[in-house]
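A quick write-up on the structure given underneath.
The values are calculated or read from the model by the stated rules, or taken from the named source; none is laboratory data. All figures in this text were calculated on a predicted structure; none of them were measured in a lab. Don't worry about glycine lacking a Cβ; one is built from the backbone with ideal geometry, like all the others, and counts go over all protein chains shown.
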Amino acid sequence: MQEEVLCYDMGGKRIRAAVATRGKLFPAVRAELPEKCRNAELSALAVELGREALRKARTSEKDLLGIGYGAAGEWEGLVIRFSPNNPVRENITAPRDVGKHFGLLRRTLGANDLKAAVHAVPVYGHGKGKRLDIVAAITYSDGNNIAILNRNQPYPGYGDLSQEVGHAHIEHGPSARWCGCGAQGCFEAYVSGTAAANMAVQALLANRTKLDEQPIFQIAKRRLAEKNEGTGPLAVEQILCGVRAEHVYEALADSGDPIAQWVCDTQKFYISQQLAHVCLHHRPQLIELFGGLTHQRKLLFEPAIAELSAHPARYSSENFQPPEIRVTDLGDDIGLYGAASMVFLAKEAGILK
């Protein structure tokens with residue numbers, strides 16, 4: 001019988017649970033987090049999801065190797081001290097409470113969601129079956145972060161909130177784009193989904209007199225109208241605030257919109273620059289990319305990787321060969337795979353009690 005792990009992936013609005021073996025992830029269960037939620041309620045919800053996940057996998061806690069829990073935020077042991085966007089505004093003890101409930105507290109591991117996700121690379125991802133020393137995982141979504149494993153253990157110095165490669169500065173001076181962190185010139189201001197929307201809005205505002213003719217504006221207006229059906233006409237500012245990255249990529253696919261093309265070309269350039277930056281600073285043998293933006297694999301990431309590969313002198317040397325760079329095949333389940341992988345790798349390392 002294959003070893004089984006109960007794994008959790010918790011964001012700011014939802015929580016998912018599943019059972020995983022080394023070769024399979026059983027169907028996941030999920031629940032939306034209430035807008036107002038106390039710590040005890042969240043713990044009870046996590047326990048119930050765990051029970052449901054065990055039923056779906058037709059197994060029980062007696063057969064579990066351990067429990068893995070990934071969640072956004074700052075961790076201290078099995079307690080989450082701060083979790084951005086989570087409705088629980090106190091210490092979150094769900095990981096510890098789940099471990100206690102299933103009698104596996106000493107075999108329960110938890111980590112920041114990104115740090116958990118990188119563990120999936122050597123177990124389920126493109127590092128599976130390979131002998132690698134340093135592996136990096138970079139997420140591209142509304143934000144932009146990195147986590148690194150050194151021989152299957154978290155890279156020294158990378159705490160729960162310190163993977164902010166997105167806030168390394170790539171541009172300087174008055175023309176550098178503003179980032180949500182309040183600084184100018186951060187990678188995140190160029191390569192994230194938020195950046196795509198902001199760049200598009202900036203270009204649209206440069207020619208306000210013809211807004212209604214612009215494909216991105218038309219798509220955003222249509223999507224908002226569908227969402228707010230019957231609520232009356234939409235103001236221009238309301239539509240501009242509703243522009244999303246997916247509207248940009250849709251406009252390029254539908255009509256070859258020049259604004260969308262400029263945004264995508266800009267993102268491809270800076271993604272390539274960031275990958276070179278990671279190679280030079282961390283010298284990984286494999287970089288796996290994930291996050292919502294990587295759904296634009298052919299549009300953004302394959303060209304960026306090809307551009308980087310065409311100029312290896314930018315990021316390699318006699319002592320460092322170019323790494324393999326791949327978009328993950330694990331999709332939105334990488335958080336669950338990563339949570340399970342923490343337990344499997346801990347057992348391999350002899351640190352699972």
Residue pairs within 7 Å by beta carbon, gap of at least six or interchain, first lying in region 210-222 and not assigned by TED's automatic domain parsing to the domain that holds Ala235 and buried (at least 21 other Cβ atoms within 10 Å of the Cβ), second among the aromatic types (Phe, Trp, Tyr) and at pLDDT below 95, listed first then second, are none
Within region 49-73, restricting to residues that are in contact with a Ser or Thr (Cβ under 8 Å, 6 or more places away or on another chain) and closer than 17 Å to Lys100 by Cα, the one that is surrounded by the most Cβ atoms within 10 Å (Cβ to Cβ) is Gly68
Can you tell me which residues in region 29-46 are over 15 Å from Ala71 (Cβ atoms) and among the aliphatic types (A, V, I, L, M)? Val29, Ala40, Ala44
Take the residues in region 1-17 that are farther than 17 Å from Ala111 by Cα and not basic (Lys, Arg); name whichever of them is surrounded by the most Cβ atoms within 10 Å (Cβ to Cβ). Glu4
Restricting the search to region 74-92, which residues are over 20 Å from the mean Cα position of the chain (by Cα), assigned to a loop (DSSP other than H, G, I, E, B) and surrounded by 20 or more Cβ atoms within 10 Å (Cβ to Cβ)? Leu78, Val88
Filter region 108-147 for residues that are of a type in the set (Phe, Trp, Tyr) and not in a strand (DSSP E or B) and give the result. Tyr124
Do you know which of the residues in region 23-36 that are modelled with pLDDT under 95 and touching a helix residue (DSSP H, G or I) at 6+ places or on another chain (Cβ under 8 Å) is surrounded by the fewest Cβ atoms within 10 Å (Cβ to Cβ)? Pro34
Among the residues of region 159-185 satisfying the criterion of being modelled with pLDDT of 80 or more and of a type in the set (D, E, K, R), which is surrounded by the fewest Cβ atoms within 10 Å (Cβ to Cβ)? Glu171
Within region 105-124, identify whether any single residue is out of contact with any helix residue (DSSP H, G or I) (no Cβ under 7 Å at 6 or more places or on another chain) and within 30 Å of Val243 (Cα to Cα), and answer yes or no. yes
For the structure I just gave you, tell me whether Ala339 is buried (at least 18 other Cβ atoms within 10 Å of the Cβ) and either in a helix (DSSP H, G or I) or among the hydrophobic types (A, V, I, L, M, F, W, C) (or both). yes
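Being of a type in the set (A, V, I, L, M), closer than 19 Å to Ile146 by Cα and at pLDDT below 95 is true for just one of Leu289, Leu308. Which residue is that? Reasoning before the result, please.
Values: Leu289 fails: at pLDDT below 95.
Among Leu289, Leu308, only Leu308 is of a type in the set (A, V, I, L, M), closer than 19 Å to Ile146 by Cα and at pLDDT below 95.
Rundown of residues vs (1) under 28 Å from Gln218 (Cα atoms); (2) without any contact (Cβ under 8 Å) to a residue 24 or more places away in the chain; (3) in a loop (DSSP other than H, G, I, E, B), yes/no style:
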residue: His172; (1), (2), (3): no, yes, yes
residue: Gly182; (1), (2), (3): no, yes, yes
residue: Ala189; (1), (2), (3): yes, yes, no
residue: Thr194; (1), (2), (3): yes, no, no
residue: Ala197; (1), (2), (3): yes, no, no
residue: Ala200; (1), (2), (3): yes, no, no
residue: Ala203; (1), (2), (3): yes, no, no
Counting only residues in region 127-158 that are surrounded by fewer than 16 Cβ atoms within 10 Å (Cβ to Cβ), on the phi > 0 side of the Ramachandran plot and at pLDDT below 90, the one farthest from the chain's Cα centre (by Cα) is identified as Arg151
Being in contact with a helix residue (DSSP H, G or I) (Cβ under 6 Å, 6 or more places away or on another chain) and under 15 Å from Glu213 (Cβ atoms) is the filter; apply it to region 248-272 and report the residue that is surrounded by the fewest Cβ atoms within 10 Å (Cβ to Cβ). Ser255
Could you say whether any residue in region 296-318 is out of contact with any Cys (no Cβ under 6 Å at 6 or more places or on another chain), under 19 Å from Val191 (Cα atoms), in contact (Cβ under 8 Å) with a residue 40 or more places away in the chain and among the acidic types (Asp, Glu)? no
